[in-house]
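Peer 1: Okay, handing you the structure first.
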Amino acid sequence: MADTFAYHYKQGIYLNITNRCTNNCIFCFKNFQKQKNPFAFLLLKKEPKLEGILGSIQLDYNTSPSIREIIFCGLGEPLLRLDEIVLPAAKIIKEEYRKNVRINTNGHALILYPGRNVAEELKDAGVGAVSISLNAENSEKYNRLCRPKFNMQQRVYEKVKKFGKACKKIGLETEFTAVEIPRERISSGIIASIEKCRKISIGLGIDFRKRDYIN
Ligand code: SF4
C-alpha cells in the first residue's frame, strides 16, 4: 500500500511528513502494536518529498474545497523537516490556497535550531498557528513521559515552554496540549496533571487544550 502523506480530519488536511521524532513518548502511537494501531496507515516507508506533498494537497483540496486549515504533523516531529518541507510548503500553501497553516509540534525547535528564530521563520512563511505538546507539569515528569532523545543538560521541558512563549509573543495563535492518559494505561505509574498543565499554560498567557488518549 502506498504511503499516506495527507488525510482529512474534520475541516483540515493533515500532512504526515515524517515518522522521526526527538521524543519517544510512552503513549506514542508508534509504540502500539501494529495490528492494534489505528494509525498504522500513517507509518511511512519513505518520507515524502516536497512535490509529493504539494501534489497530495492539490488532490485533496480539489475533492474537498471546504477545507479550512492545513496542518503539518506526522507520526513524528514535522519541524525536523523545517527547511526542506515546512517553510517552502507553508509559503506555497498560503499563497496558492490562502488557508490557515498550523504546525503540531513537540516544541523542540530551540534545541534543534540553536541561534535561529524558528517562530519568526514560521510566521514569515505563512504559518498562523502552532499546537505544542507540553504533556507534563514539570521537567521530571516530562522526561519520564516523553523520554526526549537529547542530553538532559538541554533542559528540554524549559525550552518547550520557551518556544511556546516565543510563538505567542510574535502573534502566532499558540496552544499547549497534554494527553490525558488513563491511569491503567501507564505501566510506569507516571501521570501528568492536566489541571497543572492548564495552569502553567494560562500562567504563560497561552491557551491550553486537553487531548484524549486514543488506542
Ligand atoms: S512527540 Fe508525538 S510523535 Fe513524538 S514520540 Fe511523542 S507522541 Fe510520538
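Peer 1: For the stretch 60-71, give me the residue count where each residue is more than 16 Å from the ligand (Cβ to nearest atom) and closer than 25 Å to GLY107 by Cα.
Peer 2: Just the residues of the stretch 60-71 that are more than 16 Å from the ligand (Cβ to nearest atom), to begin with: 60-70.
Narrowing further to those that are closer than 25 Å to GLY107 by Cα: 68-70.
Number satisfying all stated conditions: 3.
Peer 1: Condition check: modelled with pLDDT under 95 and crowded, with 18+ Cβ neighbours inside 10 Å. Does LYS99 satisfy that?
Peer 2: Details: modelled with pLDDT under 95: yes; crowded, with 18+ Cβ neighbours inside 10 Å: yes.
So LYS99 passes the test.
Peer 1: Can you work out which of the residues in the stretch 17-59 that are aliphatic (A, V, I, L, M) and outside any helix (DSSP H, G or I) is nearest to the ligand (Cβ to nearest atom)?
Peer 2: Going through the qualifying residues, I end up with ILE26.
Peer 1: Within the stretch 59-97, take every residue that is more than 14 Å from HIS8 (Cβ to Cβ) and without any contact (Cβ under 8 Å) to a residue 12 or more places away in the chain and give me the one that is nearest to the chain's Cα centre (by Cα).
Peer 2: Across the stretch 59-97, the extreme among qualifying residues is ASP83.
Peer 1: Return yes or no: is ARG147 of a type outside the set (Gly, Ala, Ser), surrounded by fewer than 17 Cβ atoms within 10 Å (Cβ to Cβ) and within 16 Å of the ligand (Cβ to nearest atom)? Steps first, please.
Peer 2: On the way: of a type outside the set (Gly, Ala, Ser): yes; surrounded by fewer than 17 Cβ atoms within 10 Å (Cβ to Cβ): yes; within 16 Å of the ligand (Cβ to nearest atom): yes.
Yes: the conditions hold for ARG147.
Peer 1: So which residues in the stretch 72-124 are among the basic types (Lys, Arg) and touching a strand residue (DSSP E or B) at 6+ places or on another chain (Cβ under 7 Å)?
Peer 2: Restricting attention to the stretch 72-124, the residues satisfying the condition of being among the basic types (Lys, Arg) are 81, 91, 94, 98-99, 102, 116, 123.
Of everything in the stretch 72-124, those that are among the basic types (Lys, Arg) and touching a strand residue (DSSP E or B) at 6+ places or on another chain (Cβ under 7 Å) turn out to be LYS94, LYS99, ARG102.
Peer 1: What residue, of LEU75, LEU44, LEU50, LEU79, is of a type in the set (A, V, I, L, M, F, W, C), buried (at least 16 other Cβ atoms within 10 Å of the Cβ) and modelled with pLDDT of 95 or more?
Peer 2: Values: LEU75 fails: modelled with pLDDT of 95 or more; LEU44 fails: modelled with pLDDT of 95 or more; LEU50 fails: buried (at least 16 other Cβ atoms within 10 Å of the Cβ).
That would be LEU79, the only listed residue that is of a type in the set (A, V, I, L, M, F, W, C), buried (at least 16 other Cβ atoms within 10 Å of the Cβ) and modelled with pLDDT of 95 or more.
Peer 1: Now for a different question. Out of GLU173, GLU158, GLU140, GLU184, which single residue is touching a strand residue (DSSP E or B) at 6+ places or on another chain (Cβ under 9 Å) and open to solvent by 60 Å² or more (accessible area, probe 1.4 Å)? So that I can check it myself, show each step before the final result.
Peer 2: Values: GLU158 fails: touching a strand residue (DSSP E or B) at 6+ places or on another chain (Cβ under 9 Å); GLU140 fails: touching a strand residue (DSSP E or B) at 6+ places or on another chain (Cβ under 9 Å); GLU184 fails: touching a strand residue (DSSP E or B) at 6+ places or on another chain (Cβ under 9 Å).
Every option except GLU173 fails the conditions.
The values are calculated or read from the model by the stated rules, or taken from the named source; none is laboratory data. Small disclaimer: the values here were computed from a predicted structure and weren't measured. Using ideal geometry, Cβ is built from the backbone for each residue, glycine included, and neighbour counts are taken over all protein chains shown. Only protein heavy atoms, including side chains, enter the accessible area calculation; ligands, DNA and RNA are left aside. Shrake-Rupley method; radii C 1.70, N 1.55, O 1.52, S 1.80 Å.
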